[in-house]
Amino acid sequence: MCPLNHNQKSRFLSERRDGWQGSLRIVCKEHRVPRFPITLAALFAIALLPAFGAEDGYNGGQPTNPKDLKGKKIVLADVPKLIGIGYFAATTKGEAEAAAELTKKGLPTEVTTDAPTEAAIQKQIEYIDNDISKGVDGILFASNDPTAISPVLRKALKAGIHVIGYDAESEPDAREWFIQQATPDGIAKALVDSTVAEVGKQADIGIVTSSLTAPNQNAWIAEIKKYISAQGLGLNIVAILPSEEDQQKAFQACGDIIKAHPTVKGIIGLSSVAFPGAADAITHANLIGKVACTGLSTPNQMKPFVKSGCVKSVVLWNPVDLGYAAVYAMRAAVDGKLKPGDTELEAGRLGKLKLINGSQFLLGPPFVFNKDNIDQFDF
């Protein structure tokens, strides 16, 4: 049975969690979203942007007269795209792990995660503005819109607050550093190769994205088109529809593509919400084996679809590691151990992350989960 049944009512990860470890605090507010559950422990959601600006030379911003907090306790605010979906529950988990480790090392680090329950940029801006007013020491963010979010992040820098991005970019000068989960061309290659393995080199395909303004998805779509052309493939993208970070809308979008384009042989889901929603639509339409479905999501969320045969490949990185790396970058920036011109980031258990342009560090290449390995992972 697939977990996204229209006759069921459930909630996307609704939980309030207040935990203390040393001086670490993580808070996720309780809220409900109807119909579609997302596993609390496992997730992933998506957002990434190709580099703005030069690929050589630091191109990030810097806080104005920040407090000297080297080795002292720092209070951080994490404002992801939204809360209540598994992906950002996973990044929050990674942030908690990093903060706990740093606290044990004598570098007290407190992180609070709070954000809108929908991917609305204006609401996200309000949360960041409130954090600035509270006088936090640092802001972590994953943006819903790279341009719209940048003025409030610059305001934070001007107030002396450190700013680190992850998952979805802003304009570079609006933050100090960004943790890039994978390069757009690497993700595009993995998605297209997985699709070709199922539908062949010539076929009509559709894409269900998160939103038409999401920087990561737009970057991936551009690279998908580029890779298809470079490889001389006959993959024809007949439709690109948004799901607005809503699995029911993703279900509907996939159904609309299939209905409008009955020749479609494959669907690519470009977020942890879009992918399971699309797979659910294919399952309910009894098209398993007739319409292939691949995309980006966490292994736990996609295991039922992999086991049913609806999905053969799940492309991902570890969102827990993404949040973990972001906190290590923040701590290093606050302590003066990460400065413009540096080319490596010491990121705890992840080792050294490499600079891939002026101010972005690469988490690593994407990984493909399938029926042979997916049960080895639990997130």
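Look at LYS249 and say whether it is closer than 25 Å to GLN301 by Cα, open to solvent by 10 Å² or more (accessible area, probe 1.4 Å) and over 16 Å from the mean Cα position of the chain (by Cα).
Yes.
When the residues of the stretch 366-378 are narrowed to those that are more than 14 Å from the chain's Cα centre (by Cα) and in a loop (DSSP other than H, G, I, E, B), which ends up surrounded by the fewest Cβ atoms within 10 Å (Cβ to Cβ)?
ASP372
Residues that are hydrophobic (A, V, I, L, M, F, W, C), touching a Gly at 6+ places or on another chain (Cβ under 8 Å) and within 18 Å of PHE305 (Cβ to Cβ): list the strands (runs of 3 or more DSSP E) wholly contained in the stretch 173-283 that include at least 1 such residues.
Once the strands (runs of 3 or more DSSP E) in the stretch 173-283 are filtered for at least 1 residues that are hydrophobic (A, V, I, L, M, F, W, C), touching a Gly at 6+ places or on another chain (Cβ under 8 Å) and within 18 Å of PHE305 (Cβ to Cβ), what remains is 202-209, 264-269.
Just to be sure before I move on: is ILE149 hydrophobic (A, V, I, L, M, F, W, C), touching a helix residue (DSSP H, G or I) at 6+ places or on another chain (Cβ under 8 Å), free of Cβ contacts under 8 Å to residues at least 40 places away in the same chain and open to solvent by less than 10 Å² (accessible area, probe 1.4 Å) in the structure I sent?
yes
From the set of residues in the stretch 292-319 that are of a type in the set (A, V, I, L, M) and open to solvent by 10 Å² or more (accessible area, probe 1.4 Å), which is farthest from the chain's Cα centre (by Cα)?
Checking each candidate, the answer is ALA292.
Matching residues to (1) among the acidic types (Asp, Glu); (2) modelled with pLDDT under 95; (3) under 30 Å from GLY266 (Cβ atoms); (4) outside any helix (DSSP H, G or I):
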{"position": "SER313", "(1), (2), (3), (4)": "no, no, yes, yes"}
{"position": "GLY323", "(1), (2), (3), (4)": "no, no, no, no"}
{"position": "ALA326", "(1), (2), (3), (4)": "no, no, no, no"}
{"position": "ALA332", "(1), (2), (3), (4)": "no, no, no, no"}
{"position": "GLY336", "(1), (2), (3), (4)": "no, no, no, yes"}
{"position": "PRO340", "(1), (2), (3), (4)": "no, no, no, yes"}
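So which residues in the stretch 120-144 are farther than 26 Å from ASP68 by Cβ, open to solvent by 40 Å² or more (accessible area, probe 1.4 Å) and either touching a residue at least 40 places away in the same chain (Cβ under 8 Å) or more than 21 Å from the chain's Cα centre (by Cα) (or both), if there are any at all?
If the condition is that a residue be farther than 26 Å from ASP68 by Cβ, open to solvent by 40 Å² or more (accessible area, probe 1.4 Å) and either touching a residue at least 40 places away in the same chain (Cβ under 8 Å) or more than 21 Å from the chain's Cα centre (by Cα) (or both), then TYR127 is the only one that fits.
The values are calculated or read from the model by the stated rules, or taken from the named source; none is laboratory data. What you see is a predicted model; the values in this text were computed from it and never measured. Using ideal geometry, Cβ is built from the backbone for each residue, glycine included, and neighbour counts are taken over all protein chains shown. Heads up: the accessible areas ignore ligands, DNA and RNA and are worked out on the full protein's heavy atoms, side chains in. Shrake-Rupley method; radii C 1.70, N 1.55, O 1.52, S 1.80 Å.
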